[in-house]
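Contents: one structure, followed by commentary.
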């Protein structure tokens, strides 16, 4: 039998370099377990199943004076893109600057799409009788947009203060700051 692996490579122990301190702070102990991926898959199905259910209903194709069907399709596409970003952020630590920039541009696009959904859904009272499921999922999208706007309206002052007065709100390296305690267990609340 032929030996395809050279002997010097066969039983050699591979040692991985240790992570820098700031990367260890970002990783934490949970990122090495499959738990975040399982949670992400549950959230994925929780977001996509209702949208596809409504999209596949025969009543969805009925006439509605507002473009709720187009908004639903854009929402499904944006949901897939959001899931892709989430998996990238879970796998890439530290996150490259270019990816952060693209993510923030996508966030602005989602904000605009959400505002459009709010405006059209608020004017789509007549569609409630013809395309009931489509109307209610558009209403849910509009409510999620409103909740997101409130969240960002609360967080933006903290982000601006932290940018102007460096690390006054959260300084992960020295583990201090006004907002360190509230966000230490859920850093996703702070920023990417």
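All of the numbers you see were taken from the coordinates with simple rules; none came from a lab. What you see is a predicted model; the values in this text were computed from it and never measured. Reconstructed Cβ throughout: ideal geometry from the backbone, glycine too, with neighbour counts over all protein chains shown.
Observations, loosely collected:
- When 112, 116 are checked against the criterion of being in a helix (DSSP H, G or I), free of Cβ contacts under 8 Å to residues at least 24 places away in the same chain and closer than 30 Å to residue 62 by Cα, a single residue qualifies: 112.
- Test for residue 105: is it outside any helix (DSSP H, G or I) and over 26 Å from residue 131 (Cβ atoms): no
- Considering the conditions (1) farther than 25 Å from residue 70 by Cβ; (2) over 15 Å from the mean Cα position of the chain (by Cα); (3) surrounded by 12 or more Cβ atoms within 10 Å (Cβ to Cβ), residue 140 is excluded by exactly one of them, (1).
- Residues that are part of a helix (DSSP H, G or I) and surrounded by 13 or more Cβ atoms within 10 Å (Cβ to Cβ), drawn from region 61-72: 68, 69, 71, 72
- Filter result (surrounded by fewer than 19 Cβ atoms within 10 Å (Cβ to Cβ) and touching a residue at least 12 places away in the same chain (Cβ under 8 Å)) within region 119-135: 122, 123, 126, 130, 132, 133
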